[in-house]
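Right, one structure below, let's go through it.
The values are calculated or read from the model by the stated rules, or taken from the named source; none is laboratory data. Just so we're clear, the structure is a prediction, and the values are computed from it rather than from any experiment. So basically every Cβ, Gly included, is an ideal-geometry build from the backbone, and we count neighbours across all protein chains shown. Side chains included, ligands, DNA and RNA excluded: accessible areas come from the protein's heavy atoms. Shrake-Rupley method; radii C 1.70, N 1.55, O 1.52, S 1.80 Å.
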Amino acid sequence: MELKSRDIYEILSDLAKRRGLFWPSYEIYGGVAGLYDFGPVGVLIKRNIIEEWLYWLVYSTGLVVEIETPIITPRIVLKASGHEDHFTDPITECTKCGRVFRADHVVEEQTGITVEGYSMSDIWKVMIENNVRCPECGGQLTKPQPALLLFKTEIGPYKGAPGYIRPEAAQGMFVSFKNVFTVVRNKLPLGIAQVGKVGRNEISPRQSLIRLREFTIMEFEFFFDPEKSYEEVMKYMDEELEEEELFVLTADEKSRGIDRASRYRTLELIEEKIVKNPWMALWMAKGNRFLREIGIPGDKIRFEEKLPWERAHYSEQTFDQQVYTRKFGWIEVAGYSYRTTYDLDRHIEFSRSDLSVFKRYKKPVEKLVRRAIPNPIKIRELAKDKMGKIMENISSMDQEALYQELMSKGYIEIDGVKLGREAFIIKEEKVKIHGEKFVPHVVEPSFGLERIFYALLEHALSLEKDRIVLKINPRIAPYQVAVFPLVAGSKPEHRKIVDIARSLYRALLKARIRAFYDEEGSIGRRYARADEIGIPFALTVDYQTLEDETITIRYRDTREQIRISIHEAYDKLLELLNYKGKFKLNFDKYP
RNA sequence: GCGGCGGUCGUCUAGCCUGGACUAGGACGCCGGCCCUCCAAGCCGGAGAUCCCGGGUUCAAAUCCCGGCCGCCGCACCA
């Protein structure tokens, strides 16, 4: 049965609450916009999505390691990252039409004056002096207010240092880059991943799980040497990845008014230079595969390149990965940003730590180094009491430039004192250079877990007559199998059937299968309950089990049943689930 | 944040306009019992509602008024 777009959201919200997927947080106190609880079933599904993500994006190449860093972040870190400045945008509101604008943008548009870094009252002054009005209706604008989308907190309960809840996990990876790099014994390329909560104090969150004030991010910063990226990417590109089909809408196409994505193979993205770095293409292909694997159809996934002004402050190129939903249309579930050296550079600047890495040349390079070394005795004669200042000056000068100037002009002049060649000892020496330091480039794939969760549910949701069936991939399903007794009555044979079903259930739990047991209501009702939360298989113990130790196994999506021996239930399940393991069913305790 | 509309058991809803017999009714779901050979069957019973919150008007408020919270839609914002 075809679902109408309007119904699907209601059906899903109803199901979510009824069966324990998710619901608004703090409901008994009226709720808070943008905050959601995950229920018992939702938590299981969510964890399975994380596992799949870890497999496809983190473990499958051996290039990425996972860390965990705090969500509470000292102010300086987000100052360095540029977030604090980005979040204190001055907002002004029109008193007539109620529209809200970035005050600095309006001022710049109407006066040409750049007010970046101005205080709120200084911007206000400029606005009054230049009679800046509402660009939409010409109405009076209010004094700008800072709109900070970072959650503020204090570190330490008494006279605490200012801090924020992190708006992205990324900064933890940049700040601890050097430690991780050392742990992996100085190897590039290196990805550092993190799965965790972040907070963004959104002005008006809506659309249930799509826009949250607190959500789970799954992302990694991938550090590499840009000069080697092509050859390195080729090393990790296998046939499957090369042939992965991606739907991409480029910025160029967007500005020409095209809104349909075209199909590319991964290799074409690299060769046609659609991506500014080959690693972007590799991770986009992996991300595409991941979403397909958990159940989003390939043609419902696309990549949209962001236009320069749509990009975050740190990004050289960004592709949003979007999934089509019936309720919200195309929603962004992941972003791939080429952050270049932006973040490391900023942390080098603010922390004064050396976050560069050493690159050894294949062969050391011999270089003739010519230096002019100051001769203190001669300089004292020439400089007299200016000696100290001159020496300080010389040591801060670039060696090569000093030498060049001295040789071409015959002297250098510092603080009014001419120093000729005789004031220096000229040295020429051959130096072996074994390598150089550089700041690695970074590509960042970043996934929003709750959005993926929502998109997945929407795609999995189907109606069979008026029954809901959540057709999710068995690997994502909250439970792998349901176990039922066909009947649960009071006759002796009913008791036997129930006992066998219960022991089967317990044996499966012990074998680390996530099993679900239910004996309430009719068998049809129990199948329906299991279908609603997406349990892919159901094992039913019936009368025939008493005779020949066989049970039925039913597949959720087709309701097909086959009869198997109860002893091979585990192996059959593993086969269906594509898992491996061991299983022992102990019948002895039950009659 | 602005404007419009809305908020009654877990869910969907009746009641609100026209204040009073509303101890807030129903359906589905949930729980217990009976029944029991495969897709939400039936019968019996049960639990379950701060009528979103606070204030006001009134002899009397789910109902009228004001403020707040939350939701939906539009505008704005969105790393």
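With the charge dipole of chain A set up from +1 on Lys and Arg Cβ and -1 on Asp and Glu Cβ about the Cα centre, the Cα lying farthest toward the positive end among the listed residues A:SER13, A:ILE123, A:GLY435 is that of A:GLY435. Taking all protein chains as they are arranged and a probe of 1.4 Å, the heavy atoms of A:TYR543 leave approximately 90 Å² accessible to solvent. Extent of chain A along its three principal axes (Cα atoms, max minus min coordinate, largest first): 116, 68, 56 Å. Sorting A:TYR230, A:TYR555 on solvent-accessible area from highest to lowest, probe radius 1.4 Å, gives A:TYR230, A:TYR555. Each of A:ARG206, A:ARG506, A:ARG326, A:ARG451 has its accessible area taken with a 1.4 Å probe; listed largest first, they run A:ARG206, A:ARG506, A:ARG326, A:ARG451. The charge dipole of chain A, taken about the Cα centre with unit charges on the Cβ atoms of Lys, Arg (+1) and Asp, Glu (-1), comes to about 1280 debye, rounded to the nearest 20.
Ligands, DNA and RNA left out, the 1.4 Å accessible surface of chain A is 48% carbon and sulfur atoms. Note: relative contact order over the stretch A:124-185, using C-alpha pairs below 8 Å and six or more positions apart, is 17 percent.
Averaged per residue, what accessible surface does chain A expose to a 1.4 Å probe, in Å²?
I get 51 Å² per residue for chain A.
In chain A, helical runs assigned H by DSSP with n ≥ 4 each contribute -39500 (n - 2.57); averaged across all residues and rounded to the nearest 500, the mean residue ellipticity at 222 nm is -10000 deg cm²/dmol. Evaluating kT/(6 pi eta Rh) at 37 °C and 0.692 mPa s, with the Kirkwood radius of the stretch A:460-561 over Cα pairs in the Stokes-Einstein relation, gives 238 µm² s⁻¹. For chain A, the relative contact order comes to 13 percent (Cα pairs under 8 Å, sequence separation of at least 6). From largest to smallest, the equivalent ellipsoid semi-axes obtained for the stretch A:147-285 from the alpha-carbon gyration tensor read 34, 24, 12 Å. Ordering A:SER315, A:PHE223, A:ILE373 by the projection of their Cα atoms onto the charge dipole of chain A, which places +1 on the Cβ of Lys and Arg and -1 on the Cβ of Asp and Glu, puts A:ILE373 at the extreme positive end.
For A:LEU463 and A:GLU202 in one chain, what is 0.36 nm times their gap in residues minus the Cα-Cα distance, to one decimal in nm?
Residue separation times 0.36 nm, minus the Cα-Cα distance, leaves 90.5 nm.
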